[in-house]
Amino acid sequence: MIDIHCHILPGVDDGSRDLEESAAMARIAYEDGIRDIIVTPHFNEVYLTMADRVHRELEQLQKELDRQGIGIRLHPGNEVRVESKDFFDGHHRSGAFSRLGWGGTHVLVEQRWKGYDPDTPEIVERLLDAGITPILAHPERHYFFRENSEDLLRLIELGMWTQVSADSIVGNFGPEAQSFGRKLIQAGHAHTIATDAHNVERKPNLSAGLVVFEEIAGKQARLELEARMRSIVDRS
Ligand SMILES: [Fe+2]
């Protein structure tokens with residue numbers, strides 16, 4: 001299995017604090033059946049984790065996982081917030097953040113918590129025109145998508161993928177996120193499932209999420225989901 005959203009890089013954001021915690025998270029992930037992790041530190045106004053730092057820290061952590069014999073392969077990434085259109089476009093143009101995987105064919109995009117950015121469709125269209133697939137981080141956790149799903153449906157119609165969090169659909173983020181996450185799966189609008197793990201408590205628990213996904217959507221849909229996630233790192 002592959003986890004496409006994980007704050008496992010040590011000391012860069014509100015995820016893992018140090019190398020020891022990162023290795024502990026990797027062990028949990030390995031025991032869960034995960035073999036590939038795309039590291040996705042925050043790239044926003046609070047934690048501006050630049051691509052060069054992501055690459056540097058990734059290399060260090062990979063060395064440590066190899067040294068400890070933990071069979072996980074790391075891939076670069078970021079979770080990029082749409083603080084504004086200018087924020088996103090400017091940093092994209094300058095290559096400040098890392099897209100997903102070494103091939104960089106996808107980018108993980110997050111909305112602000114306080115409200116939907118109406119410029120998002122324009123950002124999405126521009127990425128798709130450039131051959132890059134944007135993936136929306138955990139829409140089921142945002143109240144504005146739950147209250148008005150039209151904005152979300154418009155993004156999906158344009159060609160944006162969604163990333164639904166395993167913790168949401170198993171119920172760890174409350175009943176609203178759980179029910180909306182399950183609705184997205186039912187409707188065929190959950191293109192990827194990931195952990196968004198931050199530490200050993202908010203941990204990489206992908207298998208539990210995939211079990212729920214399969215219960216709702218069926219075996220064939222799960223195979224397609226896993227192939228879709230695999231394609232993000234296979235082009236690396
Ligand atoms: Fe995240």
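Those residues that are under 17 Å from Glu57 (Cβ atoms) and either surrounded by fewer than 17 Cβ atoms within 10 Å (Cβ to Cβ) or touching a Phe, Trp or Tyr at 6+ places or on another chain (Cβ under 9 Å) (or both), I need them from region 25-43; list them, please.
Within region 25-43, Pro41, Phe43 qualify.
Across region 191-236, what is the total count of residues that are modelled with pLDDT under 95, in contact with an Asp or Glu (Cβ under 6 Å, 6 or more places away or on another chain) and either surrounded by fewer than 18 Cβ atoms within 10 Å (Cβ to Cβ) or farther than 18 Å from Cys6 by Cα (or both)?
0
Considering only residues that are more than 13 Å from the ligand (Cβ to nearest atom) and part of a loop (DSSP other than H, G, I, E, B), which ones fall in region 1-45?
Of everything in region 1-45, those that are more than 13 Å from the ligand (Cβ to nearest atom) and part of a loop (DSSP other than H, G, I, E, B) turn out to be Met1, Pro10, Gly11, Arg17, Asp18, Gly33, Ile34, Arg35, Glu45.
Give me a count of the residues in region 142-190 that are buried (at least 17 other Cβ atoms within 10 Å of the Cβ) and either among the hydroxyl-bearing types (Ser, Thr, Tyr) or within 21 Å of Ala29 (Cβ to Cβ) (or both).
12
Being assigned to a helix (DSSP H, G or I), touching a residue at least 24 places away in the same chain (Cβ under 8 Å) and under 24 Å from Thr195 (Cβ atoms) is the requirement here; does Glu140 meet it?
It is true that Glu140 is assigned to a helix (DSSP H, G or I), touching a residue at least 24 places away in the same chain (Cβ under 8 Å) and under 24 Å from Thr195 (Cβ atoms).
Go over the candidates Asp18, Asp32, Asp14 one by one and state the one that is without any contact (Cβ under 8 Å) to a residue 12 or more places away in the chain and farther than 17 Å from Gly101 by Cβ.
Asp18
Pro134 passes all but one of (1) within 16 Å of the ligand (Cβ to nearest atom); (2) without any contact (Cβ under 8 Å) to a residue 12 or more places away in the chain; which number fails?
Looking at each condition in turn, Pro134 falls short on (2).
Can you find a residue in region 52-68 that is surrounded by 17 or more Cβ atoms within 10 Å (Cβ to Cβ), at pLDDT 95 or above and farther than 25 Å from Asp234 by Cβ?
No, because not a single residue in region 52-68 is surrounded by 17 or more Cβ atoms within 10 Å (Cβ to Cβ), at pLDDT 95 or above and farther than 25 Å from Asp234 by Cβ.
All but one of (1) assigned to a loop (DSSP other than H, G, I, E, B); (2) in contact (Cβ under 8 Å) with a residue 12 or more places away in the chain hold for Val233, so report the exception by its number.
(1)
Can you tell me which of (1) touching a residue at least 24 places away in the same chain (Cβ under 8 Å); (2) of a type in the set (Gly, Ala, Ser); (3) part of a helix (DSSP H, G or I) is the one Gly104 doesn't meet?
(3)
Please go through region 46-80 and pick out each residue that is assigned to a loop (DSSP other than H, G, I, E, B) and more than 16 Å from the ligand (Cβ to nearest atom).
Within region 46-80, Met50, Gln68, Gly69, Ile70, Gly71, Ile72 meet the criteria.
Can you tell me which residue is nearest to the chain's Cα centre (by Cα) among those in region 57-86 that are touching a residue at least 40 places away in the same chain (Cβ under 8 Å) and within 12 Å of Val109 (Cβ to Cβ)?
Result: Glu79.
Could you go through region 87-100 and let me know if any residue there is touching a residue at least 24 places away in the same chain (Cβ under 8 Å) and loosely packed, with under 14 Cβ neighbours inside 10 Å.
Yes: region 87-100 contains one or more residues that are touching a residue at least 24 places away in the same chain (Cβ under 8 Å) and loosely packed, with under 14 Cβ neighbours inside 10 Å.
The values are calculated or read from the model by the stated rules, or taken from the named source; none is laboratory data. These numbers come from a predicted model, not from an experiment. Ideal geometry is used to build each Cβ from the backbone, glycine not excepted, and the neighbour counts take in all protein chains shown.
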